[in-house]
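What follows is a single structure, written as structure tokens, with notes after it.
Laboratory data are not the source of any read-out in this text; all were calculated from the coordinates shown. Here the structure is a predicted model, which means the values were calculated and not measured. We place every Cβ from the backbone using ideal geometry, glycine too, and count neighbours over all the protein chains shown.
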Amino acid sequence: MNQQTLILIKPDGLKKSLTGNILTRLSETKLEIIAAKMVKVSKELAEEHYKHLRDKPFFEELIKYITGELHDRKKVLAMVYWGEDAITKVREIAGATNPEEANPVSIRGQYGRITTKGIYENVIHASTNEEDAEREIKLWFSPEDIIMDLYPVKVIILEKVQKKIWV
Ligand code: TYD
């Protein structure tokens, strides 16, 4: 079954100059990239993305991590991958959440680490299931950022919208 999944190359992945390596590993899945953009991650976006972990003791540090505060890289590369069993294929190649437990040849096993504060800096995010993928893709992308109609859309007319355009 064709699926879509959200992938983030996190600030540690960018800082360690791993983008090329990670994309190469992901290309083993033979999935299609149907959206990609650099995103400056606000605290609000980070907290919404990780809202299921709000009560965890590491939550505050996790927000600092994903917003780039820990790595002086205030951005992530957000992408949507699409194709047959995309969620499982990407999770498999990404590896377990804890880099020490991850398969050593997975992306997290190869490139992740645990900080002295106990945060898993695991260089990549990948959606866990279809429900999470839908929530996350809708959070990180607008319909026009994605080259396929993944979910139902509606057209609205906006008036007096402030927007930057090239001069
Ligand atoms: P989670 O959503 O449980 O895992 P995954 O990213 O594999 O879907 O956790 C989100 C992120 O929070 C995880 O990628 C790294 C961080 N994290 C920790 O730092 N320590 C932990 O004990 C857990 C569970 C997660």
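Worth a mention:
- Amide H within-cut-off set for residue 6, under 5 Å, with H built and near neighbours excluded: 127
- Translational diffusion of region 24-167, µm² s⁻¹ [Kirkwood Rh, Cα pairs; Stokes-Einstein; 20 °C; 1.002 mPa s]: 126
- When you count the other C-beta atoms within 10 angstrom of each residue and take the mean per peptide, 18-24, 106-112 line up highest first as 106-112, 18-24.
- Separation in nanometres of the label points that stand 7 Å from Cα toward Cβ, at residue 19 and residue 135: 2.9
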